[in-house]
2 protein chains.
Amino acid sequence: MSTVKHVPISPAGAALAPESVAAGTGAPGRVQHKGQQTKLAIIDAALGLATQIGLEGLSIGAVAEIMKMSKSGVFSHFGSREELQISVVREYFRRFEEDVFFPAMSAPKGLPRVQALFANWMKQVAVELQSGCIFISGAVDYDDRPGPVRDALVSSVQTWLDAFCRAVVLARELGHLDAGADERQIAFETHALILGLHYEHRFLKSPGSVERALAAFNAILQRHGQPGA
Amino acid sequence: MSTVKHVPISPAGAALAPESVAAGTGAPGRVQHKGQQTKLAIIDAALGLATQIGLEGLSIGAVAEIMKMSKSGVFSHFGSREELQISVVREYFRRFEEDVFFPAMSAPKGLPRVQALFANWMKQVAVELQSGCIFISGAVDYDDRPGPVRDALVSSVQTWLDAFCRAVVLARELGHLDAGADERQIAFETHALILGLHYEHRFLKSPGSVERALAAFNAILQRHGQPGA
């Protein structure tokens, strides 16, 4: 994460990845202690499991089984099931940043970048059919369950939405969108389309959902577009 | 369901409530066998539990505990956990119909009715903070879990979306919307707003979500509205 392109979404984004996890992620060439490598491998396995069965279903026992480790071996790396879950949220966020946010940063500032962010986001929920999105399943699991896991989820999603908003603001400042375009309203509607796409495409299997989401997104931009732009 | 106002959403809607359940629901004055009353009470308890912990978390044991019945007593009414889950989906759909669909039918045909359907739907997800929506949590639970419970959920949601589409078609036929207004596109976007509202209002606790969803819905109607109407 030392190149210009790989600046994390925001300081809050960086804060989501504390030293213990961040030191071993995305830092090629860095010497990793064996214990840390094991910890990262456990997080990877736990994330794979969480995208299948949900974050709340995650247990130290199930992860230990996948890793062919003892429960106490897994436990020693995290200290609690909750800490394991939080590490999974952080890692999911890091990958989301890598797959959705960073590639869009190479698009020109303004509208093209906003469009790239949406396109990558759509791809994330619609194309990756084999695994679920823990930002969506987590919202259901932790809807009414306060605590650090919920906080980590909310903070991750909010950091991402804030980054999307900043791209919209930039597009407005560059004159690609109306002076009155409200970034929070646009982010709300765009997020809703992603959730709608996830639901209709993955659950209802409605044909044409991807095209509908894209048409709706273009309509949002057009509504806030400079007349004649 | 014998008055004009209480015609079920569609034949498919009626099909969702087979005799065993339908006979005892919404038919005041009808003599119910004790066994049927017990069954309905079990479904009511199971539905309450499912909105808290999710449909997939439902177990005969947990419901028996709430009902202060034996497991085998609960089991004898359903024969399987799956049948209990399906009965819960049917009952949830019946109540959704009662709270969201029927009251909107008293609004004038056309745009006012479409707006009433959306307003009631919003109310359902945003105001009822104490319980979750099993159409939303169920989509996460059964995303990749084929079977009769998933089928019951998909069929319920699809029946509701079809009813919403019919209201949009009627609005178009009455000239309240453009001749080219695509009811499936409008239903997709409206459904997305409901999912966005659920997520942002209930999970992120973003202030202003209800107002944003309403503004977005009005923009959808305006985009498809007759110029000058």
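The values are calculated or read from the model by the stated rules, or taken from the named source; none is laboratory data. Bear in mind that the values here come from a model prediction, so they are computed numbers and not experimental data. Cβ: placed from backbone, ideal geometry, glycine included. Neighbour counts: every protein chain shown.
So which of A:Phe101, A:Phe118 is within 14 Å of chain B (Cβ to nearest Cβ) and buried (at least 23 other Cβ atoms within 10 Å of the Cβ)? Let's see the steps before the verdict.
On the way: A:Phe101 fails: within 14 Å of chain B (Cβ to nearest Cβ).
Within the list A:Phe101, A:Phe118, the selection yields A:Phe118.
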>> Checking B:Asp144 against (1) over 23 Å from A:Phe217 (Cβ atoms); (2) over 16 Å from the mean Cα position of the chain (by Cα); (3) assigned to a helix (DSSP H, G or I); (4) facing chain A (nearest Cβ under 10 Å): exactly one of these is not met. Which one?
In response: (3)
> When the residues of the range B:126-147 are filtered to those that are of a type outside the set (A, V, I, L, M) and modelled with pLDDT under 80, which remaining residue is nearest to B:Ala213 (Cα to Cα)?
Replying inline: B:Glu128
>> I'm trying to understand the selection: among the residues of the range B:144-157, which are touching a residue at least 60 places away in the same chain (Cβ under 8 Å) and surrounded by 15 or more Cβ atoms within 10 Å (Cβ to Cβ)?
In response: B:Val149, B:Ala152, B:Leu153, B:Ser155, B:Ser156
> In the range A:121-139, which residues are under 22 Å from A:Glu189 (Cα atoms), in contact (Cβ under 8 Å) with a residue 60 or more places away in the chain and either surrounded by fewer than 17 Cβ atoms within 10 Å (Cβ to Cβ) or touching a Gly at 6+ places or on another chain (Cβ under 9 Å) (or both)?
Replying inline: A:Gly132, A:Ile134, A:Ser137, A:Gly138
>> Where the second residue is surrounded by fewer than 17 Cβ atoms within 10 Å (Cβ to Cβ) and at pLDDT 95 or above and the first is within 19 Å of B:Gln158 (Cα to Cα) and lies in the range B:98-109, which pairs have Cβ atoms under 8 Å and are six or more apart or on separate chains?
In response: B:Ala104/B:Ala119
> So which residues in the range B:180-229 are of a type in the set (Lys, Arg) and within 24 Å of A:Asp162 (Cβ to Cβ)?
Replying inline: B:Arg202, B:Lys205, B:Arg212
>> One residue is enough: does the range B:196-209 have a residue meeting the conditions part of a helix (DSSP H, G or I), within 23 Å of A:Asp144 (Cα to Cα) and of a type in the set (Phe, Trp, Tyr)?
In response: yes
>> Could you check the range B:186-229 and list, in sequence order, the residues that are more than 7 Å from every other protein chain (Cβ to nearest Cβ), free of Cβ contacts under 8 Å to residues at least 40 places away in the same chain and either among the acidic types (Asp, Glu) or surrounded by fewer than 16 Cβ atoms within 10 Å (Cβ to Cβ) (or both)?
In response: B:Lys205, B:Pro207, B:Gly208, B:Glu211, B:Asn218, B:Gln222, B:Pro227, B:Gly228
> How many residues, within the range A:50-93, are outside any helix (DSSP H, G or I) and either of a type in the set (A, V, I, L, M) or buried (at least 18 other Cβ atoms within 10 Å of the Cβ) (or both)?
Replying inline: 3
>> I'd like the residue in the range A:174-185 that is part of a helix (DSSP H, G or I) and more than 7 Å from chain B (Cβ to nearest Cβ) and, out of all such residues, is surrounded by the fewest Cβ atoms within 10 Å (Cβ to Cβ).
In response: A:Arg184
> Which number in (1) crowded, with 18+ Cβ neighbours inside 10 Å; (2) not in a helix (DSSP H, G or I) marks the one condition that B:Ala167 misses?
Replying inline: (2)
>> Would you confirm, using the coordinates I've provided, whether B:Gly132 is under 26 Å from A:Gln52 (Cβ atoms) and part of a loop (DSSP other than H, G, I, E, B)?
In response: yes
